[in-house]
Amino acid sequence: MVSSTRSRLLSSLYQSVWRWHFYAGIIFAPFLIVLAVSGSVYLFKPQIEGYLYKEMLTVSEVGEAAMFADDIIAKTERAYPGTSITSVVISNDPRETIKLSANRDGVAKIMYADPYTGQIVGMMNSDKTFASFFKKMHSELVVGGTWGNRLVELAACWALILVVTGLYLWWPRNRFQIWGTMLPRFNKPGSRQFWRDLHAVPAFWLSLFIVILIVSGLPWSGILGGQIDRLANVTHTNYPTYAHSFMPGPESVTVTKDIAEDVPWASENLPVPESAVGGYMKLKVQEIKGIADKQNVAPPYTISLPRGERGVYTIATSHSRPGDDATLHVDQYSGAVLTDIRFDNYGLMAKGITMGIALHEGRLFGLANQLLGLITALGVILLAVSSFFMWRKRKPDGKLGAPPRVKDRRITVGVLVIMLVCGAIMPLVGLSIIVVVLLDWLIIRHIKPLRAWFSV
């Protein structure tokens, strides 16, 4: 009797978990496909952009001596009226052009200059580049703006739940066997068993990599990302409290990501200090380059120019190896280093998140990192496609084909409580669960065709 009761409870639990897994999968699979496709393409940004923009990124001939950055900036602003240079990338590769970020008649531009002649060899709108297009697709889907970003965060968080619930469903309930668990069965092509194995087995092998890929991307999310940043600050595991070398922490509400480019995640929300105004001459970019070199900032790094008379120069690098991360604010008149934060200064969370971001972007350990990310992204697409065919194989006419609702109220409430706990950790998940429950209670249960369609 006890064994029979336990068996029924386990069966009901399985059914309830399957129902949540089914609905989450059918709703968010399209979004996950978009994220996987855009992410897999963005992984190979260096190679693809190197091919697409070769004539802009490299010089036709290496000269004897490169021009000073200030001369290139001045020449560019004279040649293109209405243009204001906002940042310059300093590289140690003699074959590379100089990348300039500019504001041209109110439009953000990227300009590439020959370092030996100062001539502009290419120009693009900042939001029209290959990288920016796929980055926007990956972070904001095709919707764009805040709503797109929230949809991405919601899909990513539900993907974590899909992995956990999927592992529970994958776990053998009876005798463990290799086929269908560790290896897929291909003896019945096109059957439900075929698509089930093509879904469950790769999901098991890729589950850890999928979780790492999702978690490493969450610091960029709008809501959970903000919570992660606040947690890092509260626990003093982000940038150090002694980050401001020459003065107390500024009271400015302006943060580094608002005034500079290529800023590492750990320094994005660092308050920006001000330059001491006293009738001094503004330092040249070349002198700031000398300060960066003296402070052992590893190139390539970006120098963002001051905004206004109290603005500061910002030296930042986050597009190379994580260990080379640096964020320096420099007084534009005296050259005093007001802020100096390196990877070694990061707290535990900031170091882990920084390494995770590099892994997510495919630059932590070179080509192998890119290929691992590609395999994981292709695996996500395979899981979504195979789940579609699984669904079609079992979907009855006139119904959605969802697993039937569990009749044991204890199991239903218990699983819902667990889901709400997940929602407390991931706010958008919690909000979506509340919306679904309200729709179920207030609408679906009271309309007979909907009850039949959703198997309520």
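Need one word for region 367-456: rounded, prolate or oblate. Basis is the Cα gyration tensor (sqrt eigenvalues a ≥ b ≥ c); a/c below 1.5 gives rounded, then a/b vs b/c decides. Oblate, because a/c is 1.5 or more while a/b does not exceed b/c. In the context of the full set of protein chains, residues of the chain present 53 Å² of accessible surface per residue (probe radius 1.4 Å, heavy atoms only). Using the Cβ-Cβ distance between ARG8 and ILE425 with R0 set to 45 Å, the FRET efficiency from 1/(1 + (r/R0)^6) comes to roughly 0.90. Taking other residues whose beta carbon is less than 10 angstrom from the beta carbon of GLU61, and scoring Lys, Arg as +1 and Asp, Glu as -1, yields 0. In this structure, the amide hydrogen of TYR53, modeled 1.01 Å from its nitrogen in the peptide plane, lies closer than 5 angstrom to no residue at least 5 positions away or on a different chain. Note on ARG394/ARG78: beta-carbon distance plugged into 1/(1 + (r/R0)^6) with R0 of 56 Å gives a FRET efficiency of 0.20. Helices assigned as whole DSSP H runs in the chain whose Cα atoms extend at least 30 Å along their own long axis and whose mean Kyte-Doolittle hydropathy is -1.0 or higher are found at 2-43, 145-170, 192-217, 366-394.
On a full-extension model of 0.36 nm per residue, what is the gain between GLU61 and VAL164, subtracting their alpha-carbon distance, rounded to one decimal in nm?
Computed gain between GLU61 and VAL164 is 31.6 nm.
Using only side-chain charges placed at the Cβ, +1 for Lys and Arg and -1 for Asp and Glu, the dipole size of the chain relative to its Cα centre rounds to 3640 debye.
Centre-to-centre separation between the Cα atoms of region 96-174 and those of region 287-309: 26 Å. Cross-linked pairs LYS45/LYS99; LYS188/LYS399; LYS393/LYS448; LYS109/LYS351: Cα-Cα separations exceed 22 Å for LYS188/LYS399; LYS393/LYS448; LYS109/LYS351. Judged by the gyration tensor of its Cα atoms, with axes a ≥ b ≥ c, region 56-106 is prolate; a/c meets the 1.5 cut and a/b is the larger of a/b and b/c. When the P(r) is computed for the chain, the part past 34 Å accounts for 45% of the Cα-Cα pairs.
How much length would be gained if the chain were fully extended between SER91 and PHE365, taking 0.36 nm per residue of separation minus their Cα-Cα distance, in nm to one decimal?
Working: separation 274, 0.36 × 274 = 98.64 nm, distance 2.07 nm.
Value of the extension gain: 96.6 nm.
Protein-only accessible surface at a 1.4 angstrom probe places the residues ILE303, ILE120, ILE425 in the order ILE425, ILE120, ILE303, largest first.
Dipole orientation for region 345-438: of the candidates ILE381, MET349, VAL436, VAL436 has the Cα lying most toward the positive pole (charges on Cβ; Lys, Arg +1; Asp, Glu -1).
Charge tally around THR235: other residues with Cβ under 14 Å, Lys/Arg +1 each, Asp/Glu -1 each, net +1. Shape call for region 253-344 from the C-alpha gyration tensor, a ≥ b ≥ c root eigenvalues: rounded (a/c under 1.5), prolate (a/b greater than b/c) or oblate? In terms of gyration-tensor shape, oblate. Summarising the amide proton neighbourhood of VAL121: residues at separation of 5 or more, or on other chains, whose placed amide H is nearer than 5 Å comprise TYR112, ALA113, ASP114.
Please work out how much length the chain gains when fully extended from VAL413 to LYS282, using 0.36 nm per residue of separation minus the C-alpha to C-alpha distance, in nm with one decimal.
So the chain would gain 40.5 nm between VAL413 and LYS282.
Model label points for LEU442 and LEU183, set 7 angstrom from Cα along the Cα-to-Cβ axis, are 5.3 nm apart.
Local charge for ARG342 was computed over the other residues whose Cβ lies under 9 Å away, with Lys and Arg +1 and Asp and Glu -1, and equals -4. Residues whose amide H falls under 5 Å from that of THR86, counting only those 5 or more places apart or on a different chain, are SER101, ALA102, ASN103, with hydrogens built in the peptide plane. Within the accessible surface of the chain, defined with a 1.4 Å probe on protein heavy atoms only, the carbon and sulfur portion equals 63 percent.
The values are calculated or read from the model by the stated rules, or taken from the named source; none is laboratory data. Since the model is a prediction, treat every value here as computed from it, not as a measurement. Every residue, glycine as well, gets a Cβ built from its backbone with ideal geometry; the counts of neighbours run over all protein chains shown. Accessible surface is based on the protein model in full, side chains and every heavy atom, while ligands, DNA and RNA are left aside. Shrake-Rupley method; radii C 1.70, N 1.55, O 1.52, S 1.80 Å.
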